[in-house]
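Notes follow once the structure below has been shown.
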Amino acid sequence: MSSAPTQFSTTFFRLHRLSRRLWVRTSLVAGLGLITPLVVGLLAPLVPDALAEVIKSETVAGLLRILASSMLAVTIFSLSVMVTARQAASSQVTPRSHQLLLEDTTTQTVLATFLGAFVYSLFGLIALTTDYTDSRGATVMLGVTLTVIALVVLAILRWIEHLTSLGSVIETTRRVEDAARAALDVRDSAPCMGARLLDDTAPIPPGAQDFCADQTGYVQHIDMNALAEFAAKHEVDLFLLVQPGTMVRQGAPLLRHASGADPKALRAAFTLGDSRVFSQDPRFGIIVLSEIAQRALSPGVNDPGTAIDVLTRLQRLLCRPDMKEEAVQYPRLWMRPVTVDALVHDGFDPIARDGAGVVEVQIRLQKALRPLIQSPDPAMARAARAASARALARAEAALTLPDDMDRLRACLPPYSAASA
């Protein structure tokens, strides 16, 4: 039996979020382009005299001028493509998907390569035209320039391949599914994020104090390690009342504790923001997938095929393997888990509502719920049966053609067919 996975600290979480921003990676590569001409002088003495006499500074300067002008145009074009893809995803998929597009590492790497090559060519021209380097340095810079050109060509080829799917409905939906799966996998191994199960039988002290939020926002991250250290230091149990994805108002309780210690350490363990993020929040990925199907079923889009595709992905996500109970990593922390009933509600009910009058969607929904009803997890089976019954009730109210209802009832699980 393996222990629950180690939770990321607040500092690591914030650094990880920072590293996913577009300007960070481009700035780092641009910085390399900035210092490369400055270190040319260190390699210049290694150039043989015969080779230095062949290479002219004007030749290298000409290459750098071409590189500078072309990279500026390519960078601007690539940024416009990225903005267009983001707008397309927001209008055709869901605005919540833009987070994944902005964090796309391929796009960031390509843009960083283009911008880094542009910055390098500018400072290379400055070094050549101000007599900062001699013919030996120009020879070294020629080798670096040829390497940069090769990297740019590879980046362009990679960019062309990437553009074939960037911002498309299928690709964006796939990324949302992957993000949801990553969060679900973590919660499968640690349903309470390594803490004890908090339920109605939890031994919360009668005089426990509430530790409240200092701002209104979504709980984006909880540093379980920091909370565990606080609990061990003060020999007190902490009862968490929220989890990642919870919307809290200023002054709302985040946890309860019976310690009189300074709560500043507790405040640093909670990261609140103005939007939800996919990490640590499996419900958010399910909700975004459901939003994609809802957008597809809207009258302005009228794309039931996308809704059917989302139902297949939801089935794949929620058909989880039978996980064994994991060892408690933080015995002094208590937390409520994400319930399968909430996951099923978030995923299937909005689609059942918006697709109530589309028989193809209703049939696929019932087929997607069938393996969940047959799940060995009793909670999942109950939640799926309830979702199936609710979807059937919506369909009965919206479908007017008897043949459509007959087709739908033929696809129902045995319990629903009997009850119908």
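Each reported figure results from applying straightforward, stated rules to the coordinates on display, with no laboratory input. The shown structure was predicted, so the numbers you read here are calculated from the model rather than taken from an experiment. Using ideal geometry, Cβ is built from the backbone for each residue, glycine included, and neighbour counts are taken over all protein chains shown.
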Under the 7 Å Cα-to-Cβ spin-label approximation, Ala182 and Ala208 lie apart by a distance in nanometres of 3.2 nm
Roughly how tilted is helix 22-35, in degrees to the nearest 10 and between 0 and 90, from the longest Cα axis of the chain? 20 degrees
At 7 Å along the Cα-to-beta-carbon direction for both Ala88 and Thr201, put a label point, then send me their distance in nm to one decimal. 5.5 nm
With +1 on the Cβ of every Lys and Arg and -1 on the Cβ of every Asp and Glu, the dipole magnitude of the chain about its Cα centre, in debye rounded to the nearest 20, is 340 debye
So what is the relative contact order of the chain, in percent, for Cα pairs below 8 Å that sit 6 or more residues apart? 18 percent
Between Ser189 and Ser168, what is 0.36 nm times their sequence separation minus the Cα-Cα distance? Round to one decimal in nm. 4.3 nm
Peptide ranges 337-345, 145-153, 259-267 listed from the most packed, as the mean C-beta count within 10 angstrom indicates: 337-345, 145-153, 259-267
Rank Ile287, Ala379, Val359 by how far each Cα sits towards the positive end of the charge dipole of the chain (+1 on Lys, Arg Cβ; -1 on Asp, Glu Cβ) and give me just the farthest. Val359
Would you mind calculating the relative contact order of segment 194-273 from Cα pairs under 8 angstrom and at least 6 residues apart, reporting the percent as a whole number? 45 percent
Spelling it out for Leu254: with amide H atoms placed in the peptide plane at 1.01 Å from N, the residues 5 or more places away or on another chain with amide H under 5 Å from its amide H are Phe211, Cys212, Ala213
Amide H to amide H under 5 Å from Arg336: which residues, 5+ apart in sequence or cross-chain, H placed 1.01 Å off N in plane? Leu198
How much length is gained if the chain between Asp262 and Thr312 is pulled fully straight, taking 0.36 nm per residue apart and subtracting their Cα-Cα distance, in nm to one decimal? 13.1 nm
Take the alpha-carbon positions of segment 194-273, form their convex hull, and give its projected area averaged over all directions (one quarter of the hull surface) in nm². 5.1 nm²
Tilt of helix 10-19 relative to the longest C-alpha principal axis of the chain, in degrees (0 to 90, nearest 10)? 60 degrees
Separation of the Ile126 and Ala232 label points, Cα + 7 Å toward Cβ, nm: 5.0 nm
Net charge dipole size for segment 124-189 [Lys, Arg +1 and Asp, Glu -1 on Cβ; Debye, nearest 20]: 40 debye
Taking N as the number of residues in the chain, what is its alpha-carbon radius of gyration divided by 2.2 N^0.38 Å? 1.29
